[in-house]
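Derivation of every value follows stated rules applied to the coordinates shown; laboratory data play no part. Values in this document were obtained by computation on a predicted structure and should not be read as measured data. Methodologically, a virtual Cβ is constructed for each residue, glycine included, from the backbone with ideal geometry; neighbour enumeration extends over all protein chains shown.
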Protein chains: 6
Amino acid sequence: MRKSGRAPDQLRAIEIIPNYLRHPEGSALVAFGDTRVIVTASVDEKVPPHLIGKGTGWVTAEYGMLPRATHTRSAREAARGRQQGRTLEIQRLIGRGLRACVELDRLGPLTIAIDCDVIQADGGTRTASITGAYVALALAIRKLRASGRIKKDPFVAQVAAVSVGVVDGKACLDLDYEEDSGAEVDMNIVATSEGALIEVQGTAEKRAFPRAMLDELVDLGLLGVERLAEEQRKALAP
Amino acid sequence: MRKSGRAPDQLRAIEIIPNYLRHPEGSALVAFGDTRVIVTASVDEKVPPHLIGKGTGWVTAEYGMLPRATHTRSAREAARGRQQGRTLEIQRLIGRGLRACVELDRLGPLTIAIDCDVIQADGGTRTASITGAYVALALAIRKLRASGRIKKDPFVAQVAAVSVGVVDGKACLDLDYEEDSGAEVDMNIVATSEGALIEVQGTAEKRAFPRAMLDELVDLGLLGVERLAEEQRKALAP
Amino acid sequence: MRKSGRAPDQLRAIEIIPNYLRHPEGSALVAFGDTRVIVTASVDEKVPPHLIGKGTGWVTAEYGMLPRATHTRSAREAARGRQQGRTLEIQRLIGRGLRACVELDRLGPLTIAIDCDVIQADGGTRTASITGAYVALALAIRKLRASGRIKKDPFVAQVAAVSVGVVDGKACLDLDYEEDSGAEVDMNIVATSEGALIEVQGTAEKRAFPRAMLDELVDLGLLGVERLAEEQRKALAP
Amino acid sequence: MRKSGRAPDQLRAIEIIPNYLRHPEGSALVAFGDTRVIVTASVDEKVPPHLIGKGTGWVTAEYGMLPRATHTRSAREAARGRQQGRTLEIQRLIGRGLRACVELDRLGPLTIAIDCDVIQADGGTRTASITGAYVALALAIRKLRASGRIKKDPFVAQVAAVSVGVVDGKACLDLDYEEDSGAEVDMNIVATSEGALIEVQGTAEKRAFPRAMLDELVDLGLLGVERLAEEQRKALAP
Amino acid sequence: MRKSGRAPDQLRAIEIIPNYLRHPEGSALVAFGDTRVIVTASVDEKVPPHLIGKGTGWVTAEYGMLPRATHTRSAREAARGRQQGRTLEIQRLIGRGLRACVELDRLGPLTIAIDCDVIQADGGTRTASITGAYVALALAIRKLRASGRIKKDPFVAQVAAVSVGVVDGKACLDLDYEEDSGAEVDMNIVATSEGALIEVQGTAEKRAFPRAMLDELVDLGLLGVERLAEEQRKALAP
Amino acid sequence: MRKSGRAPDQLRAIEIIPNYLRHPEGSALVAFGDTRVIVTASVDEKVPPHLIGKGTGWVTAEYGMLPRATHTRSAREAARGRQQGRTLEIQRLIGRGLRACVELDRLGPLTIAIDCDVIQADGGTRTASITGAYVALALAIRKLRASGRIKKDPFVAQVAAVSVGVVDGKACLDLDYEEDSGAEVDMNIVATSEGALIEVQGTAEKRAFPRAMLDELVDLGLLGVERLAEEQRKALAP
């Protein structure tokens, strides 16, 4: 039993509110327990320089945190004049994860920009972001298909993400901040609803860990992704 | 009658949800119609360099907008590496407005940092920010007083803010984005619940305007502030 | 009587030297007492991106202070790598003020860039800047009309600016640095020579102020602008 | 057989030249085939702010590439004024990898700064960096122990890193640039010479990959790390 | 005869107005023909980190140009967020030149910051800056000695600077902008009033130049410095 | 006799390894004693904005130092977000020196970017950079001529550079770091193999120096350049 009362393989309470904002082509509020992220998908009728004239589209992502999303206030990145390495690393991860589930050729020459802004952080902000981003992206693409702007469904997979980790020697799913702070191993799994892997990032927080633990964590992560995919489908149900 | 169906002296639907987030000492979600701002108040047991050793406290403010708070996506300030002039101007206004209603000496050597983050913009984001910031600040100060950290009520006034403007030749209260875009004069009034002025910023958007129009707009603004002050009190009621 | 010996409604000694520099299309040195600002107007045969192809022109402004324009040396903004919020706020104010007195359509596709550089500061640098900028702009436009580059007079008004404030409980015109530092209310009025308002920015420096004080300050400001407009006309007289 | 003539589980020619430079406390030139990285370890008798007074030390890392380390010239990060996300991500990875093999308490209050500068890139620059960084770090620590500055061996493990990936459907070890560009899955393994995992980062470059492929890649990576650890020991042999 | 009517060894009209501004400890307006620079010397009771506790002082310099000091407007460095290489190079030259004529030990633990701001440029801005900076520095030091803050005259030499160059094959003194633009060789000489050299910077603008030409240019430069030193003494005469 | 055992007019051991790296069009490792610089020449089929459509080419240079090229580690310029004044000054010097020996018209519309990266510093990094840069540039141009991309030899001179200085009252050639730190005068000479001057930069490090010393230093510098030119020719020999 975990401190929070959850079983090792239990997700926190998951909530995904689709169409959370009025202006974006797609948007969602996603909550993994106390972690809450606003995700938007913005369609821009342009592509980055390296794709001009190639007929293909692009999906990109940015990530941010409100200064007081965390226990103590962090300096605003806009005020400091640069994004931290952690921020850049996370937004690169989100972008890669989404591009892996979309056939960019089918978008035509447009960019879909995903913005993930954490309004409250309690661990797992990057995995909540990816999970919500899929929903925002799907809503934007639904709109583009409805208007005839995109002819063919560009999705090749449904993607979600979850954290797993070793807490007090035991593999646990969807770590909250307290668990994450003390974890011996910390891992993020981005995968499809079918159980195929898109991204595996595991880190020994203290000492190196055995090969067998990797296997256990990946299994647990794939289980979590499967359940999150179900929540996504509910949120997207018409 | 205005396009939105409102009377010239009518505010939009106002909503102030206190204690909106879990971590900050004070927080609120404030909505002026479709404009929605998350405001937090963070207590830091330090003061800026110029106040060290003077026994007095400080109240400061920062302002931001999610990239897709607006009709079309704006570049993220953190990614561009600098805050725009508009942002800096607004956060300076918010800070001045709040400091005018607090006796800084009574805070003791601590800083209360206000963060106003617009998650959806439809005109009046700076006035909604100030109105919500008062609530977040009051909640944080209530906590500081409850814990005995502050002995004496530092508030000397209750502050709120509203926009007024000339639309189609007529003075109107609390402009939404569409009205604001076409306004001939645009004014922001920061005032106390007692009708005293803290800040008046009026701008001719097209051509210079007569002295008499200034008077009419200020009257309307003070009326709006009075009503907003009532909403604040409701939100702060125990 | 004020410390400086001036009457409450008395301006400082005003001097405007037109054509102060050799290279710019228009230039002036403007002095409000010990405050001295070099203002230049530079014509550029380009327009900002959002105006390309619209046939209209643009007027923009930048503001700076020499590091030792002030009592103690301030860090050079170029060396710090960013302009302060105060700087950006002032240059936005100058730009708006000038655009309000010009019919941009009549400029054709060109930009006039105003630079206001304070070489000595003693209060009122932003109002001296605007007052001088009108002169530099008028000189540049005179040259453009003489060469046939602009056909029709683009000015729709003559603009000047002055500060007013409450010092020791009394409304005073054109505050110097010492008065400004201790003022209870600080206000800047940008207006036309005809007494119409372009910008009103009033701030309670300590506590909120009554509505009646606003009226008194605006009256005083309009009086000051009228006199400054006369000085501008003298400087521009052929 | 791979294009380069290597077997799937074959490393490129590995060379580690210890004490490559004259000034640093530890240094090495590491070559994985045509990839060449200069690694230095610099001892600084200070610790970062969050460790002051805790008696513990720190190991940190920075990474860079000469502008023409690559096939075509990349803009110099110093000239652009910011490090790319990729750079920050890599240097965070290197730092974590090294800290996982050192008991920071035993360093005492000093920082060892690792610099990895790629002078020629042909794939696997981050894994070559980590592998060389261990050697530079070990040389610096040897010097610190010889001088009595560090009493007890701070190493708890020997660490190396290698890339693995899926090329033309087949798991391959230590990808060169050409293989890496076309790989379907790209993975970096940081591990100890004993086969325990420190970091696993796997990415689907095109489409999601099956769980079984992860297992195969990790096995291959651990094999590679074992051989690299042998090269490190040779380079460190007295 | 030169285009301007000057003889090859003739300076432009030189003017040095001491105490040009009210706030700085020392200041001057220096004009070399149409080149006009405001120079200020600011005393700060601090020293840079590397001099703390050594009892010695420091002299430093910064340089800037108003955006429209030149024929066409240049972007403001503060707005671009970085100083150009040319700016940094010039301010390093000014600082070195002044430090070479002052015994820093005799200043005690204070910094004198020189600011050279070009308000009108017509060639030779760096040499006019140095020549004026000596005057501003001397005025500030005079004040420090008068107040007893500095006991012993810290000057070991009087320093001035001038440009020389090869125009149409002929060595010329104190080039104006037009001459400078077309010069084959461009050289700046910083020297003492006694004819000793502090800095010689000569550049072939087109092709390499013979050794003999260097000799001729240095002779001419020393002649110019001697005359400038006389102007400095006049400006500093009580 | 110098501390190092060298005669006053003796260079350090000079080594130039051509084609040091695999990717660049031209490259060299140049060593002046313990100073070691990697120089690359990269051909880019573009020209800077001000040369577009003029049919002429461009040669530009950038300079950097690995953080631990020096005795103690320096902060990485990319991490600090700006290049230091010293860096900008050196790269401007290198660029000017190379352009003086090339007929840019004969390059056609392409840019050759020189990168000089110091991997170990022991004095004279800028002169070693220029000396090596000539070799890298010559190798790149040889390739461009071989491929027919450049028709006519663009070189008008062979260029090299060396430092000279006054150490313990005596003129010395090619100062190492220790000599340079204590030198009374420090000078860099960029010249052609024929003894014509391209750049002379001499600085009094302590006090002003006599005219005669300049002459002696320039003679010594030209002698050094002649010998370096011979080393360059050897490195470029087929």
> Where both partners of a DSSP beta bridge lie in chain B, what percent of those bridges are antiparallel, to the nearest 5?
Replying inline: 85
> Going by average Cβ neighbours within 10 Å, how do the peptides C:50-56, F:87-93, E:43-49 rank, with the highest at the top?
Replying inline: F:87-93, E:43-49, C:50-56
> Say the dipole of segment A:14-236 comes from +1 at the beta carbon of Lys and Arg and -1 at that of Asp and Glu; which of A:ALA208, A:ILE94, A:SER181 then lies farthest toward its positive end?
Replying inline: A:ILE94
> Taking the Cα centre of segment F:14-236 as the origin, how large is its charge dipole in debye, to the nearest 20, when only Lys and Arg (+1) and Asp and Glu (-1) carry charge on their Cβ atoms?
Replying inline: 1120
>> Running a GNM on chain A with Cα contacts under 10 Å, which residue among A:LEU98, A:LEU29, A:LEU144 ends up with the highest mean-square fluctuation?
In response: A:LEU144
> Within a Cβ distance under 15 Å of C:ARG68, other residues only, what is the Lys/Arg minus Asp/Glu net charge?
Replying inline: -4
> Amide H neighbours of E:ASP176 under 5 Å, counting only residues 5+ apart in sequence or on other chains, H built in-plane at 1.01 Å?
Replying inline: none
> If the label for A:ARG22 sits 7 angstrom from Cα along the Cα-to-Cβ line, what are its distances to the same label in every other copy, in nm to one decimal, shortest first?
Replying inline: 3.0, 5.2, 5.9, 5.9, 7.0
>> What does the C-alpha gyration tensor say about the overall shape of the protein assembly as shown? Classify as rounded when a/c is under 1.5, otherwise prolate if a/b is larger than b/c, or oblate.
In response: oblate
>> Counting other beta carbons within 10 Å of each residue's own, what order do D:VAL102, B:VAL39 fall into, fewest first?
In response: D:VAL102, B:VAL39
> In a shell of Cβ-Cβ distance under 9 Å around F:ALA121, excluding F:ALA121 itself, what net charge do Lys and Arg (+1) and Asp and Glu (-1) give?
Replying inline: -1
>> Would segment C:51-187 count as rounded, prolate or oblate if I go by the C-alpha gyration tensor, calling it rounded below 1.5 in a/c and otherwise prolate when a/b exceeds b/c, oblate otherwise?
In response: prolate
> Roughly how many debye, to the nearest 20, is the charge dipole of the protein assembly as shown about its Cα centre, given +1 on each Lys and Arg Cβ, -1 on each Asp and Glu Cβ, and no other charges?
Replying inline: 0
> Among B:THR192, B:THR70, B:THR131, which one shows the biggest mean-square fluctuation in a GNM of chain B, springs joining Cα atoms closer than 10 Å?
Replying inline: B:THR70
>> Give the separation of the Cα centroids, segment F:6-81 to segment C:58-73, in Å.
In response: 39
> Taking +1 at the Cβ of each Lys and Arg and -1 at the Cβ of each Asp and Glu, which of E:GLY33, E:HIS71, E:LEU139 sits farthest along the dipole of segment E:14-236 towards its positive end, judged by Cα position relative to the Cα centre?
Replying inline: E:LEU139
> So, with +1 on the Cβ of K and R and -1 on the Cβ of D and E, and no other charges, what is the size of the charge dipole of segment A:148-226 about its Cα centre, to the nearest 20 debye?
Replying inline: 540
> Taking K and R as +1 and D and E as -1, what net charge do the other residues with C-beta under 9 Å from the C-beta of E:THR40 add up to?
Replying inline: -1
> So which trypsin sites (Lys or Arg not before Pro) in segment C:149-235 are both in a DSSP loop and have at most 16 other Cβ atoms within 10 Å of their Cβ?
Replying inline: C:ARG149, C:LYS151, C:LYS152, C:LYS206, C:ARG207
> Helix-derived [θ] at 222 nm for chain F: sum -39500 (n - 2.57) over DSSP H runs of at least 4, divide by residue count, nearest 500?
Replying inline: -10000 deg cm²/dmol
> Toward the positive end of the charge dipole of chain C, about the Cα centre and with charges on Cβ (Lys, Arg +1; Asp, Glu -1), which of C:GLY165, C:GLY5, C:PRO49 goes farthest?
Replying inline: C:PRO49
>> Could you check the spin-label model distance between C:LYS54 and A:ARG142? Points 7 Å from the Cα along Cα→Cβ, value in nm.
In response: 3.7
> For chain A, what D do you get in µm² per second when you plug the Kirkwood radius from alpha-carbon pairs into Stokes-Einstein at 10 °C and 1.306 mPa s?
Replying inline: 87
> Most fluctuating residue of D:GLY165, D:GLY195, D:GLY97 in a GNM of chain D with Cα springs under 10 Å: which is it?
Replying inline: D:GLY195
> Does segment D:1-113 come out rounded, prolate or oblate by the C-alpha gyration tensor, with a ≥ b ≥ c the root eigenvalues, rounded set by a/c under 1.5 and, if not, prolate when a/b is larger than b/c and oblate if not?
Replying inline: prolate
> What's the center-to-center distance, using Cα atoms, between segment B:122-162 and segment A:176-238 in Å?
Replying inline: 41
>> For the rotation taking chain A to chain F, which residue of A has the Cβ nearest the axis, and how many Å away is it?
In response: A:GLY81, 5
> What angle, in degrees between 0 and 90 and rounded to the nearest 10, separates the Cα long axis of helix D:85-99 from the longest principal axis of the Cα atoms of chain D?
Replying inline: 60
> Going by alpha carbons, how many degrees (0 to 90, nearest 10) lie between the helix axis of C:211-236 and the longest principal axis of chain C?
Replying inline: 50
> What's the tally of Lys pairs in segment B:14-236 whose alpha-carbon atoms lie under 19 angstrom apart, where the two lysines are 8 or more places apart or on different chains?
Replying inline: 9
